[in-house]
Amino acid sequence: MIAIIAWRNVWRNKGRSLVVIGAMTVGIWALTFAGGFMQSFLTSYIESAIRHETSNGQVHHPEFTQDYDIQYNIKDYESILGFLKQSEVVESVTTRSLVNGMISSSRQATGVKIIGINPEEEAKVTALNTLISEGTYFEGISRNPVLIGNKLAEKLKVNVRSKVVLTFQDIEGNITAGSFRVAGILNASSVAISESSAYVLKSDLNRLLNIGDNIHEIAYTTVTGTDDEALANRIQTNFENDKVESWKEISPALVFMEQMMASMLKILIIIIMSALAFGIINTMLMAVLERIRELGMLMALGMKRAKVFLMIIVETIYLSTVGGPVGLFIGYATISYLGKVGIDLTDYSEGLEAIGYNSILYPLLQPMDYVQIVIGVIMTAFLASIYPAWKAIKLKPIDALHAI
C-alpha cells in the first residue's frame, strides 16, 4: 500500500519529478564517463610503461640495480630462461646487457643508458620495432647500428645514418668508445626511451665491454590476467641468488599513479553524488512542505509516523531508481562506443607525450565500477531522503491541518 501511494505521489507533479530524474540521469552519465576517461589515462600510462619499459617483470643480479656496475651479471641466466620459457603464463622473454655512458655527435653530447639487445627477442617483449618513426629496425647499417629516441636525436642534432660515439667503461674499468651509426629513430610516449636510451646489438656492446656472453637483465611479459607479483615471488623462490621484481617493484611511480587515480575517482564520485543529494533533498523537501495538510490528515486518521517516514523514503528511491538506470545505460553505451573508436587528443599530443601519455585514449570501466556506481546511487538516494522524511514526521497533525 505504501509503495503504491508513494508511486502516485511521485507523479502528482510530473514536471518536477522529470527534472529530478533528468538531473539524476545526467549526473550518473557524467560520473560514468568521467570515471572511464580517467581510467583510460591510467591504463594508457601503465600499459605503455609496462609494454615498452619495465615489462611485467625483470631479473638482475641483487647488486646490479644499485649503480649499474657491469661486473654484476646474472650468473646462471640459462636456467632462469629455461624456467621462464616453460611457464604457461610467461608470453615472451629477452636478455640484455646494460651500461651507463655518454653519447656524442659532432655538435652535442649527453648522458645515456646504453642497452644491448637481441632485436628479435626485444621486439616480442617490448614491441620496440613498432616505435620506429624514421629509418629501420637495425637494418641497412652493416656495422654497429644504434637506435635512439626522437628527443635525443633532436638534442644531438642527428638524423638516420648519422655517426654517433658511445663512451663508457669496460669490465676492467678502462674508458672505451665505439663509433655507431643511427639505423632508426624511435618515437615513444616514454620519456626514458625518447630522451635517455640508446639501443645497440648485444653482441656489439658485449664485445666493447669485454664481457663475453654475460647479461645484466632478463625481461619477460606475461599473459593477460596473470598475477605478476605472485609470479615474481615464485621465480624468486627458485632462484634465490638473483633479484626478481614485478613491474610494481621496478616502478613505484606507476603504483603511485594507480593509487592517485583511484583516489581522484573517489573524490569525483563524492562531488557528483553530493550534488545529486542536495538536489533530491531540495525536491523532496518542497514536496513535503506542499503536502503539509495532507500529511497532517493522514496522521490524524491514524497513519503511524513510521509509515509516513517510509513513504517519503520510498518516493525518493523511486525517483532515483528511474533516473539512475537510464543514466547508467547511457554511460555504458558511451564508454562502450568510445572504448572502440577512442578519444582523439592529437591536438594536445606533444604535451601528453611529454608526460608519458598516448594521444588517443580508450575509456574503460570494469564491471565492478558499474556495481559501485549503482550502490552509490542507492546510498545517496537513501541518505538524501532522511531529512525530508524526518521533517514530515515532525509535523503536528493539528498544526498541519490548519496550515494554508
(message) I need the full set of residues from the stretch 113-127 which are of a type in the set (A, V, I, L, M, F, W, C) and at pLDDT 90 or above, in order please.
(response) I114, I115, I117, A123, V125
(message) Here's a check for you: in the stretch 120-136, which residue that is touching a His at 6+ places or on another chain (Cβ under 9 Å) and buried (at least 21 other Cβ atoms within 10 Å of the Cβ) is farthest from S105 (Cα to Cα)?
(response) T126
(request) Taking the options I175, I185, I117, name whichever one is under 29 Å from F64 (Cα atoms) and exposed (fewer than 15 other Cβ atoms within 10 Å of the Cβ). (result) I175
(request) Residues being modelled with pLDDT of 65 or more and in a helix (DSSP H, G or I): count how many of those fall in the stretch 325-354. (result) 18
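Matching residues to (1) basic (K, R); (2) more than 17 Å from V59 (Cα to Cα); (3) assigned to a helix (DSSP H, G or I):
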position	(1), (2), (3)
I193	no, yes, yes
L208	no, yes, yes
T221	no, no, no
E229	no, no, yes
(request) Select from the stretch 73-90 the residues that are out of contact with any strand residue (DSSP E or B) (no Cβ under 9 Å at 6 or more places or on another chain) and either of a type in the set (D, E) or crowded, with 17+ Cβ neighbours inside 10 Å (or both) and list them in ascending order. (result) D76, E78, E88
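To keep it simple, each residue is scored yes or no on (1) modelled with pLDDT of 90 or more; (2) in contact with a strand residue (DSSP E or B) (Cβ under 9 Å, 6 or more places away or on another chain); (3) surrounded by fewer than 13 Cβ atoms within 10 Å (Cβ to Cβ); (4) closer than 25 Å to I250 by Cα.
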site: G111; (1), (2), (3), (4): yes, yes, yes, yes
site: F138; (1), (2), (3), (4): yes, yes, no, no
site: N144; (1), (2), (3), (4): yes, yes, no, no
site: I148; (1), (2), (3), (4): yes, yes, no, yes
(request) Report the residue count in the stretch 145-178 for those that are under 27 Å from Y220 (Cβ atoms) and in a loop (DSSP other than H, G, I, E, B). (result) 1
(message) Give all pairs with beta carbons closer than 9 Å in which a residue from the stretch 167-196 that is without any contact (Cβ under 8 Å) to a residue 40 or more places away in the chain meets a residue that is in a loop (DSSP other than H, G, I, E, B) and polar (S, T, N, Q); count only pairs at least 6 apart in sequence or on separate chains.
(response) E172/N210; N174/N210; T176/N210; G178/N144; S179/N144; F180/N144
(message) Please count how many residues of the stretch 179-191 are of a type in the set (V, I, T) and in a loop (DSSP other than H, G, I, E, B).
(response) 0
(request) Please give the helices (runs of 4 or more DSSP H) falling wholly within the stretch 37-144 in which 1 or more residues are in the same structural domain as K155 (by TED's automatic domain parsing). (result) 119-126
(request) Read through the list (1) loosely packed, with under 14 Cβ neighbours inside 10 Å; (2) not assigned by TED's automatic domain parsing to the domain that holds T136, then give the number of the only condition that K157 fails. (result) (2)
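The values are calculated or read from the model by the stated rules, or taken from the named source; none is laboratory data. Computed from a predicted model, the values in this text were never measured in an experiment. Quick reminder, even Gly has a Cβ in these numbers, built from the backbone with ideal geometry, and neighbours come from all protein chains shown.
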